[in-house]
Amino acid sequence: MKPIYIIGIGQGKEDLTVRQLDVIKNADVLVGGQRLLHLFAGHKAKTLVIDRQIDRVISRIKDEMVSRQVVVLASGDPLFYGIGATLLTHIDKKHIQILSNISCVAAAFAAIKEPWHDARIISLHGRNTDGFSFADLSCENKVAFLTSPKKDPVFIARNLIRENVSGFGFCVLENIGYTPDQKITWYHSYADVMADTFSHPNMVILLRDKEMPADVSHETYPGMDDDLFQHAKGLITKSEIRSISLSRLKLVKKDHVLWDIGSGSGSVSIEAALAIPDGSVFAIEKNRHRTDDIIHNIKKFRCRNIQLVPKDFPDEAHILPRPDRIFVGGGGKNLATVLEAACDHLMETGIIVINTVLIQNMERAFTFLENRKFAPRMAQVQVSRSRAMPFGTRLESLNPVWIISGTKPMS
């Protein structure tokens, strides 16, 4: 079996290196889209067109690679939303050689002479955007869209208008790298974009107008002040307790899945979501009045990775993704039931943190984790805050809180 070569064409044939050209020259089978195969018209190799029937194409590649040298041509960089990533999921990587090239995003920013290390990259090509909100872009300074024929510059402009997102210069880059067809057009009105038509392929770059700073209504930090959150009657995990509890959760990976059981105001969910931007937080809260607070706080802090679960835990817990972190901020008289279900669903080596102000629940939680071999640890935290008096300052104590944590053992 011969290795497959995946070669990034970059923005055109002129971007290819001597080595890449040599590999293509010796190919027995050339695989790629019609446009890329056309660049090598007259080549002696057999050709295989990549179309929407990708499973058929992959099957053909597997058959051909048994005895022939297969070279796959990819536009841009093959691992940047490219065919390379797809092939790696179907063919053992030991049989694949990848020769990369410049991506369309790098080429686009080079064309407008702007650095892009701080840009947010969003692909609309062949992807469902139901989980993406254009309103989130209000706090960005630089955004690049990989478009598709259906989700094109007009689609983007329409949604920016609908979500009332302003303050960006709007640049459409058509046929980047395909001179003389390359075209770069700047718009300062989304309405002008919607009145225009565009050739494909194209990209869109949004650049923040320096005179209109990003819409950041808050600055975030660990243990944010309680009054930054909407909450009812002081029902919030207090700032100092929240900081310690989050440290016990050990959110060391950006893609953790966290269940916040008895979410209350959602303050723990909010800070956890900010710490795991690629992960998911499920704020589980049965009280309707408190869920209104959670919704308000999610919108305020623009946390798109939090999902509200307005249920009485453990109702419907089985349909949620299994967590590797669980925070229990509420359990009351049903704590035993909550802990039983929570620990059953928790991933092995996952961490659970329980906060309680009740002596009975402190003993119940610690004993439960001990019996489950979670090697529990406990801290009793007493916080006193300064309070102004007519002739000075005094300390006012908050309710002491027990913080119990443990790690689920391997089975």
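Given a Förster radius of 22 Å and the C-beta distance between A85 and I184 as r, what FRET efficiency does 1/(1 + (r/R0)^6) yield to the nearest 0.05?
Result of the calculation: an efficiency of 0.20.
For T349, what is the net charge nearby, where nearby means another residue's Cβ is under 10 Å from its Cβ and Lys, Arg count +1, Asp, Glu -1?
Numbers: positive: K408; negative: D324, E348.
Once positives and negatives cancel, what remains is -1.
Within region 357-394, which trypsin sites (Lys or Arg not before Pro) sit in a loop by DSSP and count at most 13 neighbouring Cβ atoms inside 10 Å? Walk me through the numbers on the way to the answer.
On the way: sites: R364, R372, K373, R377, R385, R387, R394; in loops: R372, K373.
Loop-located and lightly packed - K373.
If only Cα atoms are counted, what is the Rg of region 4-102, and what is its Dmax, in Å?
12.0, 32
Can you list residues from other chains, or at least 5 along the same chain, whose modelled amide H is less than 5 Å from the amide H of G350?
Under 5 Å from the amide H of G350: K408.
Kindly state, to the nearest 0.05, the FRET efficiency for K62 paired with S243, given R0 = 60 Å and r defined as their beta-carbon distance. Intermediate results must be reported in sequence, preceding the final value.
Numbers: r = 53 Å, r/R0 = 0.88.
Calculated transfer efficiency: 0.70.
Counting other Cβ atoms within 10 Å, which GluC sites (Glu not before Pro) in region 246-337 have at most 14 and lie in a DSSP loop? If you can, show how the numbers build up before the last one.
Details: sites: E271, E285, E316; in loops: E285, E316.
Here the GluC sites (Glu not before Pro) that fit, given the DSSP loop and packing criteria, are E316.
Of the listed pairs K286/K373; K93/K408; K299/K408; K150/K299; K2/K25; K151/K286, which have alpha-carbon separations greater than 27 Å here? Don't jump to the answer; show the numbers that get you there.
Numbers: K286/K373 30 Å; K93/K408 34 Å; K299/K408 33 Å; K150/K299 29 Å; K2/K25 16 Å; K151/K286 38 Å.
The answer is K286/K373; K93/K408; K299/K408; K150/K299; K151/K286.
Per 0.36 nm of contour for each residue apart, how much would the distance between R304 and R288 grow if the chain were fully extended, relative to their Cα-Cα spacing? If you can, show how the numbers build up before the last one.
Numbers: separation 16, 0.36 × 16 = 5.76 nm, distance 2.06 nm.
The R304-R288 span can extend by a further 3.7 nm.
So between R120 and D315, what do we pick up on full extension, going 0.36 nm a residue minus the alpha carbon distance? Spell out each step's value before the answer.
On the way: separation 195, 0.36 × 195 = 70.20 nm, distance 3.71 nm.
This chain segment gains 66.5 nm when fully extended.
Okay, helix-only estimate at 222 nm for the chain: each DSSP H run of n ≥ 4 adds -39500 (n - 2.57), divide by all residues, round to 500 deg cm²/dmol; what do you get? All intermediate terms of the calculation are to be shown ahead of the outcome.
On the way: 12 runs with 111 residues, N = 411.
Mean residue ellipticity at 222 nm (helix-derived): -7500 deg cm²/dmol.
Beyond 20 Å, what share of the Cα-Cα pairs of region 106-208 remains, rounded to the nearest whole percent?
Values: 1695 of 5253 pairs.
Cα-Cα pairs in region 106-208 separated by more than 20 Å: 32 percent.
Considering every pair of different Cα atoms, what Kirkwood radius, in Å, is found for region 1-44? Please list the in-between numbers first.
Details: mean 1/r = 0.0896 Å⁻¹.
One decimal place: 11.2 Å for the Kirkwood radius.
If you wrap a convex hull around the alpha carbons of the chain, what volume per residue comes out, as a whole number of Å³?
Enclosed volume per residue, from the Cα hull, is 195 Å³.
Give me the net charge for the shell around I295: Cβ to Cβ below 12 angstrom, other residues only, Lys and Arg +1, Asp and Glu -1. Show your work: numbers first, answer last.
Details: positive: R288, R290, K299, K300; negative: E285, D292, D293.
Net charge in that neighbourhood comes out at +1.
Using R₀ = 60 Å, calculate the FRET efficiency as 1/(1 + (r/R₀)^6) where r is the Cβ-Cβ separation of D55 and E363; round to 0.05.
Working: r = 57 Å, r/R0 = 0.95.
Efficiency at R0 = 60 Å is approximately 0.55.
Which one, F155, I50, V165, is farthest towards the positive end of the dipole of the chain when Lys and Arg carry +1 and Asp and Glu -1 on their Cβ?
I50
What net charge is computed for the residues neighbouring P222, neighbours being all others with C-beta under 10 Å from the C-beta of P222, Lys and Arg scored +1, Asp and Glu -1?
Working: positive: R242; negative: E271.
Local charge sum for P222: 0.
What is the set of long-range amide H partners of V72 at a cut-off below 5 Å, with H atoms built 1.01 Å from backbone N?
Sorted by chain and number, the residues that satisfy this are Y5, I6, I7, V31.
Region 24-91: which trypsin sites (Lys or Arg not before Pro) are DSSP loop and have at most 10 other beta-carbon atoms within 10 angstrom?
Details: sites: K25, R35, K44, K46, R52, R56, R60, K62, R68; in loops: K44, R52, R68.
Those that pass, being in a loop and sparsely packed, are K44, R52.
Provide, in order from the shortest bin, the percent of all Cα-Cα pairs of region 226-407 in each 5 Å bin, continuing until the bin that contains the maximum pair distance.
Each 5 Å bin holds this share of Cα pairs: 1, 8, 18, 21, 21, 15, 8, 4, 2, 1, 0, 0.
Only the coordinates and a few stated rules stand behind these numbers; no lab work does. All of these numbers come straight from a predicted model, not from anything done at the bench. Positions of Cβ are generated from backbone atoms using ideal geometry, with glycine treated the same way; all protein chains shown enter the neighbour counts.
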